[in-house]
1. Just the residues that are surrounded by fewer than 16 Cβ atoms within 10 Å (Cβ to Cβ), in a helix (DSSP H, G or I) and of a type in the set (Lys, Arg), please, taken from the stretch 32-75.
2. Need pairs with beta-carbon distance below 6 Å; first residue free of Cβ contacts under 8 Å to residues at least 12 places away in the same chain and within the stretch 55-71, second surrounded by fewer than 17 Cβ atoms within 10 Å (Cβ to Cβ) and outside any loop (DSSP other than H, G, I, E, B); sequence gap 6+ or separate chains.
3. Among the residues of the stretch 59-109, how many are more than 20 Å from Asn46 (Cβ to Cβ) and under 12 Å from the mean Cα position of the chain (by Cα)?
Amino acid sequence: MDTSYENLFQIPISVLVRICEVDITTARRWRRGSNLPPPYVLGYVNAKTQGDMGFLDPAWGGWLLRQGHLWSPEGWRISMSDVLACRLHEAQLAAWRHEVQKMKILLANAEAARLDEQPTPEELGEIFIRVG
């Protein structure tokens with residue numbers, strides 16, 4: 001997140017007035033540099049103009065909020081409905097993991113039962129002798 005004062009000078013005064021809800025004379029003083037805003041104002045302006053969520057918490061730096069979507073630093077787009085569906089997805093994954101675990105146990109038991117029913121090498125030898 002850019003909190004340098006140079007960024008402030010690139011933002012039109014009308015945008016500063018709208019975003020920060022300050023008087024136009026205050027925005028002009030900020031732009032001239034005669035009265036600089038506190039650093040948190042720069043973070044807020046950056047968040048509002050660029051969508052950078054790092055203003056709220058440094059851990060969210062690089063995440064963007066644009067046009068109602070959250071964008072990850074890797075470029076993943078996440079909608080509000082995606083966020084709301086997270087709980088459902090977690091429940092589905094938990095159910096799937098439970099099913100997979102049950103299937104693994106059933107498969108292991110079936111393989112163990114099948115292996116117990118197989119003839120031993122000695123029994124195989126007797127079978128070959130009788131057939132041969």
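Coordinate-derived values only; no laboratory data. Everything numeric in this text was worked out from a predicted model, so none of it was measured. FYI the Cβ positions are ideal-geometry reconstructions off the backbone, even for glycines, and counts take in every protein chain you see.
1. Passing the criteria: only Arg32.
2. Note: pairs meeting the criteria are His69/Arg77.
3. Number satisfying all stated conditions: 8.
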